[in-house]
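The values are calculated or read from the model by the stated rules, or taken from the named source; none is laboratory data. Nothing here was measured: the structure is a model prediction, and the numbers come from that model. Cβ placement follows ideal geometry from the backbone for every residue including glycine, while neighbour counts extend to all protein chains displayed.
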Protein chains: 2
Amino acid sequence: MAEDGSTRNPARRPGGRTARVRRRILEAATELIARDGIGGLRYDQVAELAEVNKTSVYRNWPDRSALVADALTTFGADVAPLQDSGDIEADLVDFLEALAAATASTQGRALLTVVASAREDPELRAIVDEVFERRLSILEHRLKTAIERAELPPVESSFLAEMLAGPVQLFVTRGPRAFTRADAARVTNVVLAGIRATHGT
Amino acid sequence: MAEDGSTRNPARRPGGRTARVRRRILEAATELIARDGIGGLRYDQVAELAEVNKTSVYRNWPDRSALVADALTTFGADVAPLQDSGDIEADLVDFLEALAAATASTQGRALLTVVASAREDPELRAIVDEVFERRLSILEHRLKTAIERAELPPVESSFLAEMLAGPVQLFVTRGPRAFTRADAARVTNVVLAGIRATHGT
DNA sequence: CCTAAAAGCAACGTATTGTTGCTTTAGATG
DNA sequence: CATCTAAAGCAACAATACGTTGCTTTTAGG
């Protein structure tokens, strides 16, 4: 990997304008993916929505999949790590609320649009998997300590994750109104009660 | 609505070949929608996959939304009406199994791909809503009788539907393996136990 | 075994997509 | 604050994909 002649690095400059342009392009791309899916993503439209010349889009992302990947991951704060207040139920309610917000966000919607296409595109699949994995591991970690403290019976955490996240996701994508904290509490209540009733204690 | 002059109906013929061609086109369209979403649907590709000349596609469905609508609804047996065996739990397990199958089917996947885009297209939204409504009403009907028999505490059926269908949907779309009857039973157990524990009885 | 509805075929115009050379703008460095 | 140049904008272009049309061939229906 010999450095090429021009290693003088005269002025790489990801400052000000460039950053702004990149950011707007990624925002626009995310929004369009959320709306039209990957197949419907048009560079032209991205440029227009971003209020940027299309050349900038083409030159920065010569291939689509890179653009999609960046759009899906860049704003990826996603769901914040689950706090440990000592009360698993309260913490889960917080988590579900955050999860609902993340799912309803432009980026979250874009992600869901892409899930289907990801089935056959390994590159894409990796990206999608990563986000979901991260959400799951946040949840798993907190559940583990709850189980250790016997707040919960021992239970497969991926199963619990599905039971909690499934209704949230369905509600957010299909529901007529916004997902509220009360909704989060209701889901959490039922699932925890159900788990305790069926898995002893 | 006056009939137009040519009501002689000399020989409309939706028999043999025509039916075959229509069917293959709709199958192909469904599959492509499942993969690429609506935005990515190309008449060209539909024709190729259906092994049919693209003219046939264009002439039968001059506009996209009609094609999409037909693709999404034609094979729409979807989920069968819920049996009433007298045991609500057993019946729900059956239902979830059927729901999982419907969701995993090509048509089910196509439907999910479209949900996001349906947010801004009223025509599309109507189609999607209809399928989900139908599923929900099948469930609601059976739940009502269960509640009357005091097999279940009175509970908002749309909430229960989310609690049951959410995990199924999440599992089917994201899970690594197929959704089994045991999975259906597990979900049903937990939700019913949770409902009973939190809503009295 | 006719008749004509509907499918296939091939060629076409047009819009859209992606590319390139040049000009302009504005961070970075001293 | 002057200068330098990376990177954005612009405009004109080629390649391709999209959708259309006229004609020929197939085949269901009577």
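Among the residues of region A:180-194, at least one is in a loop (DSSP other than H, G, I, E, B) and more than 7 Å from chain B (Cβ to nearest Cβ).
Of all the numbered requirements in (1) modelled with pLDDT of 95 or more; (2) part of a helix (DSSP H, G or I); (3) in contact with a helix residue (DSSP H, G or I) (Cβ under 6 Å, 6 or more places away or on another chain), residue A:152 misses one, and that requirement is (2).
Pairing residues of region A:31-46 that are more than 9 Å from every other protein chain (Cβ to nearest Cβ) with residues that are part of a helix (DSSP H, G or I) and among the aromatic types (Phe, Trp, Tyr), at Cβ distances under 8 Å and at least 6 apart in sequence or on separate chains, gives A:43/A:58. Selection of region A:95-139 for residues being among the basic types (Lys, Arg), surrounded by 17 or more Cβ atoms within 10 Å (Cβ to Cβ) and under 20 Å from residue A:158 (Cβ atoms) yields only A:135. Restricting A:157, A:117 to residues that are within 8 Å of another protein chain (Cβ to nearest Cβ) and hydroxyl-bearing (Ser, Thr, Tyr) narrows the list to A:117. Would you point out the residue of region B:35-57, among those that are farther than 23 Å from residue A:121 by Cβ and assigned to a loop (DSSP other than H, G, I, E, B), that is farthest from DNA strand C (Cβ to nearest atom)? Among them, the one singled out is B:51.
Quick grid of which residues meet (1) within 16 Å of DNA strand C (Cβ to nearest atom); (2) within 14 Å of chain B (Cβ to nearest Cβ); (3) at pLDDT below 95:
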site: A:76; (1), (2), (3): no, no, yes
site: A:81; (1), (2), (3): no, no, yes
site: A:96; (1), (2), (3): no, yes, no
site: A:100; (1), (2), (3): no, yes, no
site: A:109; (1), (2), (3): no, yes, yes
site: A:113; (1), (2), (3): no, yes, yes
site: A:122; (1), (2), (3): no, no, yes
site: A:131; (1), (2), (3): no, yes, yes
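Among residues of region B:169-191 that are within 19 Å of residue B:111 (Cβ to Cβ), those with a Cβ under 7 angstrom from a residue that is at pLDDT 95 or above and of a type in the set (D, E, K, R), sequence gap 6+ or separate chain, pair up as B:170/A:162; B:171/A:162; B:171/B:183.
So which of A:23, A:17, A:13 ends up being surrounded by fewer than 22 Cβ atoms within 10 Å (Cβ to Cβ), within 30 Å of residue B:115 (Cα to Cα) and modelled with pLDDT under 95?
One residue alone meets the criteria, A:23.
Among the residues of region B:77-94, those that are exposed (fewer than 15 other Cβ atoms within 10 Å of the Cβ) and assigned to a loop (DSSP other than H, G, I, E, B) comprise B:77, B:80, B:81, B:83, B:84, B:85, B:86, B:87. Does at least one position in region B:55-65 carry a residue that is at pLDDT 90 or above, surrounded by 21 or more Cβ atoms within 10 Å (Cβ to Cβ) and more than 13 Å from chain A (Cβ to nearest Cβ)? Yes, region B:55-65 contains at least one residue that is at pLDDT 90 or above, surrounded by 21 or more Cβ atoms within 10 Å (Cβ to Cβ) and more than 13 Å from chain A (Cβ to nearest Cβ).
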